[in-house]
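What follows is a set of notes on a single structure, which appears directly below.
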Amino acid sequence: QVQLVESGGGLVQPGGSLRLLCAAPGNIFSLYAMGWYRQAPGKQCELVAAITSGGSTNYADSVKGRFTISRDNAKNTVYLQMNSLKPEDTAVYYCNAKLTPLTYWGQGTQVTVSS
């Protein structure tokens, strides 16, 4: 069992920035594909950004150019740097770890973009 612990959410004004962190204890963190998902009220959960064990990344079209996912395998941590935030980015953000056939989720962290 892998417990993912997210942090870094909060309230920010439109145009602002936040950095989310996801810590994953264990000595095989580097093998996992990591991702950030989000779910807004009344909407389906969607993939925001993902990074493979090799460092390849992909992003939802809605966040390209604004969000950056990265990982530090020495710290067992994945990051989501979110810039130029918009009200429509408001959601609960979840960290995900995959090592087929296993998948793990964090508890979620709230991001609210509002003036």
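Restricting attention to the range 1-48, the residues being in contact with an Asp or Glu (Cβ under 7 Å, 6 or more places away or on another chain) and hydroxyl-bearing (S, T, Y) number 1.
Filtered by the rule that a residue be free of Cβ contacts under 8 Å to residues at least 60 places away in the same chain and either hydrophobic (A, V, I, L, M, F, W, C) or not in a strand (DSSP E or B) (or both), the range 30-43 gives S30, A40, P41, G42, K43. Which members of the range 92-115 meet the condition of being farther than 27 Å from G26 by Cβ and assigned to a strand (DSSP E or B)? Listed by number, the residues that qualify are T112, V113. Entry remark, the range 51-73: residues being small (G, A, S) and either in contact (Cβ under 8 Å) with a residue 24 or more places away in the chain or touching a Lys or Arg at 6+ places or on another chain (Cβ under 7 Å) (or both) number 1 in total. Go through the residues of the range 44-54 one by one and say whether even a single one is at pLDDT 95 or above, part of a loop (DSSP other than H, G, I, E, B) and out of contact with any Phe, Trp or Tyr (no Cβ under 6 Å at 6 or more places or on another chain). Yes; the residues of the range 44-54 include at least one that is at pLDDT 95 or above, part of a loop (DSSP other than H, G, I, E, B) and out of contact with any Phe, Trp or Tyr (no Cβ under 6 Å at 6 or more places or on another chain).
Does G26 meet the test of being open to solvent by less than 60 Å² (accessible area, probe 1.4 Å), under 20 Å from Y104 (Cβ atoms) and not in a strand (DSSP E or B)?
So G26 passes the test.
For the range 65-80, the count of residues that are hydrophobic (A, V, I, L, M, F, W, C), under 22 Å from A24 (Cβ atoms) and part of a loop (DSSP other than H, G, I, E, B) is zero.
Once the range 39-55 is narrowed to residues that are under 20 Å from N83 (Cα atoms) and out of contact with any Gly (no Cβ under 9 Å at 6 or more places or on another chain), the residue that is most open to solvent (accessible area, probe 1.4 Å) is E46. Name the residues in the range 74-88 that are more than 13 Å from S7 (Cα to Cα) and either open to solvent by 60 Å² or more (accessible area, probe 1.4 Å) or in contact with a Lys or Arg (Cβ under 8 Å, 6 or more places away or on another chain) (or both), would you? A74, K75, M82, N83, S84, L85, K86, P87, E88, listed by residue number.
Taking the conditions (1) open to solvent by 70 Å² or more (accessible area, probe 1.4 Å); (2) in contact with a Ser or Thr (Cβ under 8 Å, 6 or more places away or on another chain); (3) of a type outside the set (A, V, I, L, M); (4) at pLDDT below 95 in turn, Q13 satisfies each one other than (4).
The values are calculated or read from the model by the stated rules, or taken from the named source; none is laboratory data. In this text, all values refer to a predicted model and were calculated from it rather than measured experimentally. Using ideal geometry, Cβ is built from the backbone for each residue, glycine included, and neighbour counts are taken over all protein chains shown. What goes into the accessible areas is simple: the full protein's heavy atoms, side chains included, and nothing from ligands, DNA or RNA. Shrake-Rupley method; radii C 1.70, N 1.55, O 1.52, S 1.80 Å.
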